Amino acid sequence: MTRPLLIRGGRVIDPSRGFDDAADVLLVGGRVEAVGTALGAPDGADTLDAAGKVVCPGLVDVHVHLREPGGERKETIATGSLAAAAGGFTTICAMPNTDPPIDDPAAVGFVSAAGARAGHARVFPLGAVSVGLAGERLAPVGEMVEAGAVGITDDGHPVYDAGLMRLALEYGRSFDIPVASHCEVRSLSRGGSMNEGVVSTRLGLTGMPNAAEDVMIARDLFLAELTGGRVHIQHVTTKRGTELIRDAKARGVTVTAEGTPHHFSLTDEAVEGYQTHAKVNPPLRSEQDRRAVLAAVADGTLDCIATDHAPHHYDEKEQAFDDAPFGLIGLETALGVSLSRLVVDQHLSLPDLIHRMSTGPARAFGLNAGTLALGAPADVTVIDTAASWTVDARTFRSRSRNTPFDGWTLTGRAVATIVGGAVVHAMDGAE
Amino acid sequence: MPTFLGKDLIGLEHLSAEQILAILDTAETFKEISERPIKKVPVLRGKTIVNLFFEPSTRTRISFEFAEKRLSADTVNVAATGSSVAKGETLVDTARNLEAMRIDMVVIRHSASGAARFLAERIPSNVVNAGDGRHEHPTQALLDLLTIRDHRGRIDGLKVCIVGDVLHSRVARSNIWGLLRLGAEVAVCGPATLMPAAVETLGVRFFRRIEEAIEWADVLNVLRLQLERMQAGYVPSLREYNRFFGVSNDRLAAASDDILVLHPGPMNRGVEIDSDVADGPHSVILDQVTNGVAVRMAVLYLLAGGAPEAAEAAKGGGR
């Protein structure tokens with residue numbers, strides 16, 4: 001049993017309760033025991049001095065690729081969750097597009113168990129929408145939920161068949177889970193390796209137009225409206241996409257959505273020089289789109305910041321641009337990039353940022369997380385919002401290094417990550 | 001070793017007008033070698049060059065090979081089929097192996113945009129891009145520029161229209177950069193399905209109708225319509241393409257009398273260009289082929305450290 005832990009003297013921000021004040025947080029028995037001033041430490045308790053730091057509910061990332069089973073040289077459930085802890089995340093949702101895919105209860109149980117065994121962060125699997133991610137017939141959604149799945153998605157294999165998507169949304173209602181959707185009409189983006197625009201024209205790379213994303217966002221919003229199901233739009237990258245979601249929310253459609261740190265901090269110019277670390281799907285888009293995503297995170301149209309952490313082995317990215325796989329990693333840079341680009345640059349208040357990275361994603365997926373309410377799981381992140389640090393991918397806990405942020409100087413990072421009352425990550429001097 | 005052109009020739013986008021003109025001037029100097037009974041000078045004697053063709057090409061590879069041999073380089077041709085590439089070796093492994101063999105220059109053709117640059121950044125040898133994906137094909141554009149200059153005496157102020165599949169064309173991009181850098185006005189013409197999304201941001205006009213393009217232009221550079229584009233649905237049929245975008249003698253009647261027609265070859269006669277145009281008085285297509293060897297000699301010479309002004313002297317004997 002973990003010893004009680006008293007986190008002393010921090011600025012406690014709990015967006016789930018609108019709490020923002022100097023306070024202590026006492027964690028006992030894996031639960032939040034008390035939040036208040038001048039709390040006494042119980043016998044045998046450890047203490048963590050959080051003076052000058054921010055103490056908040058543990059960060060939640062609803063879009064992570066852990067590559068296990070099948071892609072263990074890129075990442076494992078253990079290394080991915082260790083990277084999560086290092087980045088301040090206490091809860092991560094694992095995408096099902098592994099090899100074999102997570103499309104039955106046994107596979108869901110495998111991911112949950114491996115996450116629990118590693119013990120670095122809570123790992124919640126998403127199950128596949130369709131058997132084998134083939135887009136043909138529904139996977140055993142109920143059984144997967146029973147085994148621990150918190151949502152369903154075919155992720156990088158968008159559900160093309162609108163009828164199947166309708167069934168998924170309707171059937172998902174029975175279990176009150178969201179259907180997460182990677183919105184991409186492949187017949188519009190086929191062969192593309194980056195955003196369609198000025199840069200792709202100059203570099204001679206095939207572009208993926210905004211419309212490839214917008215058309216499917218529109219479809220999924222209509223289907224959510226039709227069925228009353230919960231749709232979660234993943235990694236929104238276009239101006240029009242943010243507008244569609246904003247309009248749908250205003251109409252009362254049950255939709256949540258996420259924006260990624262790379263899409264609100266980089267444009268397709270990052271691809272210049274055929275930089276494969278900036279090759280990601282959906283692609284980095286124009287400055288106008290980047291600003292729209294940033295504004296949508298700021299106004300809450302995008303409820304969550306998610307990383308779409310997509311590890312790839314170095315030799316896979318060390319190829320000609322067209323031949324390199326899509327994806328970049330983000331667990332260890334997400335907080336720093338988000339703090340720097342959103343809070344330091346004054347687009348978003350610190351409590352709102354924590355909402356987008358903790359309470360918002362937890363609510364979107366119905367997770368028992370994202371709050372410091374009494375009795376809640378003792379998942380806490382301690383953040384030094386003033387820390388200036390330079391990203392050095394060589395020091396990552398992730399098994400992969402494919403980040404476009406290597407060498408960036410960022411402001412703010414997690415100095416301690418606590419899961420179930422146990423410190424799973426601590427920077428030097430944090431304890 | 002930094003040379004007048006830098007270490008590599010990846011494209012024309014980042015070359016200065018002075019560098020482009022120096023290549024053309026040097027090529028003029030080297031043209032004469034191909035007219036000699038013994039077509040060989042010792043400019044690159046002792047240099048080893050690998051022609052690394054990951055994509056099938058006949059005329060570009062042969063043109064480079066002639067250029068290399070006429071400069072007395074030792075050459076090796078590597079085709080993707082039959083090489084370790086077919087066995088799954090990656091481009092970076094190929095690069096490392098080349099580096100280990102201490103070769104001096106690599107001429108690379110690859111289906112991926114950026115592949116030439118990728119290689120150039122990883123090996124100390126000089127790299128010449130012989131076409132990468134749909135990005136650039138600089139020596140083709142240089143020979144086009146040389147051919148135009150030969151016939152019109154200048155590039156500056158000319159109106160040049162590139163006709164056809166600009167979307168998939170590396171030739172078009174290199175031509176656009178080179179022509180703009182030397183002061184030409186540039187336009188493109190073709191079906192909108194075969195134009196890049198933001199083609200006008202390259203600094204060119206876009207004619208939707210071939211008749212307008214022909215009326216406007218001093219020079220037409222007609223691109224090959226690759227037949228797989230039709231199968232992929234970019235154009236409904238070859239017949240329709242010819243009817244709306246083909247360059248025919250009838251259409252040329254509206255052109256200025258001294259309009260030049262270029263084509264990088266190989267041609268689809270009766271599709272993008274009619275035979276009576278290809279073989280007619282406006283066509284300079286075979287001059288392009290001749291100039292190709294001279295341009296490639298000039299590029300190899302300059303990358304090997306030759307100075308533009310010393311080209312004449314460097315040619316030496318062999319007559």
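Each value in this text was obtained by applying a stated rule to the coordinates, not by laboratory testing. All values reported here derive from a predicted model rather than from experimental measurement. Counting neighbours? That spans all protein chains shown, and the Cβs are built from the backbone with ideal geometry, glycine included.
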Long-range HN-HN contacts of residue A:157 with modeled amide H, under 5 Å: none
Averaging over all projection directions, find the projected area of the Cα convex hull of segment B:26-120 and quote it in nm² with one decimal place. 6.9 nm²
Whether segment B:117-216 is rounded, prolate or oblate, judged on the alpha carbon gyration tensor where a/c under 1.5 counts as rounded: oblate
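Using a Förster radius of 51 Å, what is the FRET efficiency between residue B:198 and residue A:373 based on their Cβ-Cβ separation? Nearest 0.05, please.
So the FRET efficiency works out to roughly 0.50.
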For n ≥ 4 DSSP H runs only, could you compute -39500 (n - 2.57) per run for chain A, divide by its residues and tell me the 222 nm figure to the nearest 500? -7500 deg cm²/dmol
Using θ = phi - 60° and the Karplus form 6.51 cos²θ - 1.76 cosθ + 1.60, what ³J(HN,Hα) does each residue of segment A:409-419 get, whole Hz, x for Gly and Pro? 9, 10, 10, x, 7, 6, 9, 8, 10, 10, 10
Residue list for segment B:123-157, given a label point 7 angstrom along the Cα-to-Cβ vector of residue B:96 and an amide N cut-off under 17 Å: B:123-125
Here the Cα Rg-to-2.2 N^0.38 Å ratio for segment B:41-180 is 1.12
Stretched out fully, how many nm does the piece from residue A:3 to residue A:250 gain, at 0.36 nm a residue minus the Cα gap? 84.3 nm
R0 = 56 Å: FRET efficiency of residue A:37 with residue A:137, Cβ-based, nearest 0.05? 0.50
Coarse-grained scattering of segment A:282-431 at q = 0.12, 0.18 Å⁻¹, given as base-10 log I(q)/I(0) from a Debye sum over alpha-carbon atoms: -0.58, -1.27
Per-residue counts of other Cβ atoms within 10 Å, averaged by peptide: what ranking do you get for B:58-69, B:229-240, B:177-188, B:112-123, highest first? B:112-123, B:177-188, B:58-69, B:229-240
I want to check the label-to-label distance for residue B:58 and residue B:309. Put each point 7 Å from Cα in the C-beta direction and report it in nm to one decimal. 4.4 nm
For the pairs A:279/B:69; B:31/B:159; B:7/B:40; A:317/B:7, flag any whose C-alpha to C-alpha distance is greater than 30 Å. A:279/B:69
At a 10 Å Cβ-Cβ cut-off, how would you order B:108, B:155, A:217, fewest neighbours first? B:155, A:217, B:108
In whole Å, largest first, what are the principal axis extents of the Cα atoms in segment B:148-274? 40, 31, 24
Would you please give the residues with an amide H less than 5 Å from that of residue A:378, counting only those at least 5 places away or on a separate chain, with H modeled from the backbone geometry? A:31, A:32, A:420, A:421
Within segment B:172-199, the residues whose backbone N lies under 17 Å from a label point placed 7 Å from the Cα of residue B:154 along the Cα-to-Cβ direction are B:179-186
Work the Kirkwood hydrodynamic radius out for segment B:1-60: mean of 1/r over every pair of different alpha-carbon atoms, inverted, in Å. 14.5 Å
Could you tell me the extents of segment A:94-137's C-alpha atoms along the three principal axes, largest first, rounded to whole Å? 35, 15, 14
Quick check: from the Cα gyration tensor, does the protein assembly as shown come out rounded (a/c under 1.5), prolate or oblate? prolate
Can you give me the distance in nm between label points at residue A:344 and residue A:269, each placed 7 Å from the Cα along the Cα-to-Cβ direction? 1.9 nm
About the Cα centre of segment A:160-237, how large is the charge dipole given +1 on each Lys and Arg Cβ and -1 on each Asp and Glu Cβ? Please answer in debye to the nearest 20. 160 debye
Karplus 3J(HN,Hα) series, Hz, for segment A:130-145 with 6.51 cos²θ - 1.76 cosθ + 1.60 (x for Gly, Pro): 10, 4, x, 6, 7, x, 10, 9, 4, 6, x, 4, x, 5, 5, 5
So for chain A, considering every pair of alpha-carbon atoms, how many percent are separated by more than 26 Å? 51 percent
Going 7 Å from the Cα of residue B:240 toward and past its Cβ, which residues in segment B:190-211 have a backbone nitrogen under 15 Å from where you end up? B:191-194
Filtered hits (lysines, Cα-Cα < 25 Å from residue A:249, offset >= 8 within chain) -> A:239
Cα-centre dipole for chain A with unit charges at Cβ (Lys and Arg positive, Asp and Glu negative), debye to 20: 300 debye
Paired Rg and Dmax values of segment A:318-377, which use every Cα atom, in angstrom: 16.2, 53
Cα→Cβ-extended label distance, 7 Å offset, between residue B:249 and residue A:243, nm: 5.3 nm
Shape category assigned to segment A:72-206 from the gyration tensor of Cα positions, a/c cut at 1.5: oblate
